[in-house]
Amino acid sequence: MTRIDPISRWLHARQVTHPPVILMYHAVTAGRGTPSWPWAVSLARFRAQLDFLQDAGYDTPTVSELLREAPQASPRIAVITFDDGYVDNLAAWEELNRRGMKATWYVTTGYLNQAHPWQTDARPRSRLLSPAELRAMAESGMEIGSHTITHPRLPELGDEDLRRELMDSKSRLEDLLGRQVPSFAYPYGKWDERCEAAVKAAGYASACHTRTGWALRDGNPYRLRRLTVFNKDSTSVLARKLAWGSHDVAWQQVARHALSQIAARI
């Protein structure tokens, strides 16, 4: 059984069923230490989180599978997604394969097999995945989606640049994978109604942003919500996020929630 504190295990176990969630990862670093970048997790922590999902009976379909299949088909569904496409994600792919689990990767196509241009913060200083690696991942059952060409903030683009970022990234992925690419994620989670309409016009069937909550809360496949997995999130924290579909799972929030439940019964 995966290590998790008793209170978090009990709180999660009480939520026998809940709406589907989409988890958002970015980078996976070797070892057990806590990465300095908030959007990276250690490989040891990622393994423990996958083990917890299996132990707790979660199905882990791709984004497209979630939208095709009835969400009530499984009492617990957690879609795993990765943004950007860092080469360290290969270790995550291996761990998923080992457990028979799936995930969706949103890849920035302008820098495949190259050092990425976001070297000014604590992101992984490495290359992005290569076309050959992406093909192997897709052939193993993983879903490869688009994250634009250059990772811009879409609402800041003019109409033509917006169209190019959406359509050219999609067509490049389809050419190298030999299959349709129906899934998209907004870079930085930035979007508006114009961007949403452009994503739909480009031929995508879904789009994820970074607002928190149950995945299908808005009833709109172009506004899929996600729960971010941060560098310091223990398996216990992940269990509480899954139980409530929220990031507000610090012990103070847990105590408030428990008190409100008690008050409601009095």
Show me, for segment 126-137, the HN-Hα J-couplings you get by feeding each phi into the Karplus relation (A = 6.51, B = -1.76, C = 1.60, θ = phi - 60°), rounded to Hz, glycine and proline as x. 8, 8, 8, 4, 8, x, 5, 5, 5, 4, 5, 5
Could you work out the relative contact order of segment 85-196? I mean the mean sequence separation of Cα pairs under 8 Å and 6+ apart, divided by the number of residues, in percent. 28 percent
Going by amide H atoms built from the backbone, whose H comes under 5 Å of the H on Ala207, apart from near neighbours? Phe184, Tyr222, Arg223, Leu224
The long-range amide H neighbours of Tyr106, using H built 1.01 Å from N in the peptide plane and a cut-off of under 5 Å, are Phe82, Asp83, Asp84, Gly145
Sequence-distant lysines (8 or more away, or on other chains) whose Cα lies within less than 23 Å of Lys200: Lys170, Lys190
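Counting heavy atoms of the protein chains only and a 1.4 Å probe, report the per residue accessible area for segment 10-160 as a whole number of Å².
That works out to 40 Å² for each residue.
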What distance in nm lies between label points placed 7 Å from Cα along the C-beta direction at Arg153 and Tyr188? 0.3 nm
Contour excess over end-to-end distance, with Cα ends at Ala91 and Arg3 and 0.36 nm allotted per residue: 29.5 nm
Karplus-derived 3J(HN,Hα), 6.51/-1.76/1.60, for each residue of segment 27-32, Hz, glycine and proline x: 10, 10, 9, 5, x, 10
Straight-line reach from Lys232: which lysines have a Cα under 18 Å away, not including same-chain ones fewer than 8 places off? Lys241
Just want to confirm a number: the relative contact order over segment 1-160, from Cα pairs under 8 angstrom separated by 6+ residues, in percent. 22 percent
Residue farthest toward the positive end of the dipole of the chain, with Cβ of Lys/Arg at +1 and Asp/Glu at -1: which of Ile4, Ala138, Ala207? Ile4
Options (i) 13.6; (ii) 22.5; (iii) 14.4 for mean projected area of the Cα convex hull in nm²; the value derived from the coordinates is listed as (iii)
Calculate, in nm to one decimal, what Asp218 and Ala44 gain on full extension: separation in residues at 0.36 nm each, minus their alpha carbon distance. 59.3 nm
So the carbon and sulfur contribution to the accessible area of the chain, 1.4 Å probe, in percent, is 51 percent
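For Arg217, what is the net charge nearby, where nearby means another residue's Cβ is under 10 Å from its Cβ and Lys, Arg count +1, Asp, Glu -1? Walk me through the intermediate numbers first.
On the way: positive: Arg211, Arg223, Arg225; negative: Asp218.
Overall, the nearby charge balance is +2.
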How large is ³J(HN,Hα), in whole Hz, for each residue of segment 165-172 in order, when computed from phi with the Karplus curve 6.51 cos²θ - 1.76 cosθ + 1.60 and θ = phi - 60°, using x for Gly and Pro? 4, 7, 7, 5, 5, 5, 5, 5
If Lys and Arg each add +1 and Asp and Glu each add -1, what is the summed charge of the other residues whose beta carbon sits under 12 Å from the beta carbon of Asp84? 0
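The values are calculated or read from the model by the stated rules, or taken from the named source; none is laboratory data. Please read all numbers here as calculations on a predicted model, not as lab measurements. Note that each Cβ is placed from the backbone with ideal geometry, even for glycine, and that neighbours are counted across all protein chains shown. Note: accessible area is taken over every heavy atom of the protein model, side chains too, but ligands, DNA and RNA are not part of it. Shrake-Rupley method; radii C 1.70, N 1.55, O 1.52, S 1.80 Å.
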